[in-house]
Amino acid sequence: MLELYQFELSQYSEKVRLLLDYKGLDYRKIEVTPGIGQVELFRLTGQKQVPVLKDGSKYIVDSTQIAKYLDAEYPDRPLIPADSKRRGLCLMMEEWADESIGIKGRKALFGAISQDQYFRKSLLPTTTPDIFRTLVEGVPSDVFKFLGVGVGYSQEAIKSAIADLKQDLEALCLLLQDSPYLTGDEPTLADFAVAGLSILLKFPEGDYLDLPIGIRGKGVPELVNNPDYDIFFAWRDRLYAQYRKSLAFTAPGSSGGSSPTSIQID
């Protein structure tokens with residue numbers, strides 16, 4: 001069975017989960033614990049980043065390479081069009097989404113949690129002890145702002161990211177006004193990349209992610225609460241309803257729709 005080494009909250013992991021669900025492939029999620037789990041992942045694959053897909057004895061790293069591998073080894077329901085023009089558009093849009101929504105979305109979400117104590121606490125795993133949840137909720141916003149500067153998430157960087165994301169969402173809404181998908185009448189890698197990478201802008205309201213129920217439908221206020229982007233988020237919700245397996249779905253022997261298994265350290 002396929003195994004996906006992942007972080008549940010990783011946009012790039014979610015992108016791959018969408019691809020696997022679209023193709024109807026059973027897989028087991030293995031949650032990589034930041035730090036020690038990444039050391040084990042490095043031992044297995046030579047790099048520490050998720051997602052990593054294991055197929056038998058093969059390890060495939062990077063979400064784009066995983067998509068190409070899935071099309072080569074599991075050709076049903078192709079992700080990348082055969083037509084040269086649509087193929088080029090698909091690959092270009094996927095690359096753009098990785099570099100734009102993927103990176104800016106993290107900065108925008110950091111800005112949101114630094115301002116909202118409840119949102120910040122809700123992002124913690126459900127197994128987090130109450131005393132720690134209370135401590136995290138009580139951290140002043142100024143502390144998060146200070147920490148953000150140290151990792152390149154200054155207030156200026158966050159504002160710039162949100163401004164860019166507004167322009168991105170406006171463009172996506174225009175593309176989706178008269179088309180069911182971004183590159184034509186069938187979904188492609190471009191659609192799943194954009195949809196999966198957008199989870200940090202607004203978490204899906206459905207039962208798709210192993211995350212606290214309190215953050216479903218929440219996200220970056222400047223984007224979530226702006227009706228100008230309703231077309232985009234409605235499109236994403238339809239894509240999820242069509243192709244993403246919910247947590248309630250569990251195929252025999254898999255955990256593709258259920259809670260992940262933690263990585264085992266030898």
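A short reminder: the numbers here are calculations on the coordinates, not readings from a lab. Please read all numbers here as calculations on a predicted model, not as lab measurements. Positions of Cβ are generated from backbone atoms using ideal geometry, with glycine treated the same way; all protein chains shown enter the neighbour counts.
Key figures for this structure:
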quantity	calculated
Using distinct alpha-carbon pairs, which all enter the 1/r mean, Kirkwood radius of segment 1-69 in Å	11.8 Å
Restraint check, K68/K104; K23/K202; K159/K245; K48/K166, Cα-Cα greater than 30 Å	K159/K245; K48/K166
Test item: Cα-centred dipole of segment 1-78, Lys/Arg +1 and Asp/Glu -1 on Cβ, debye	140 debye
For segment 20-25, Karplus couplings with θ = phi - 60° (6.51, -1.76, 1.60), whole Hz, Gly/Pro x	5, 5, 4, 7, x, 9
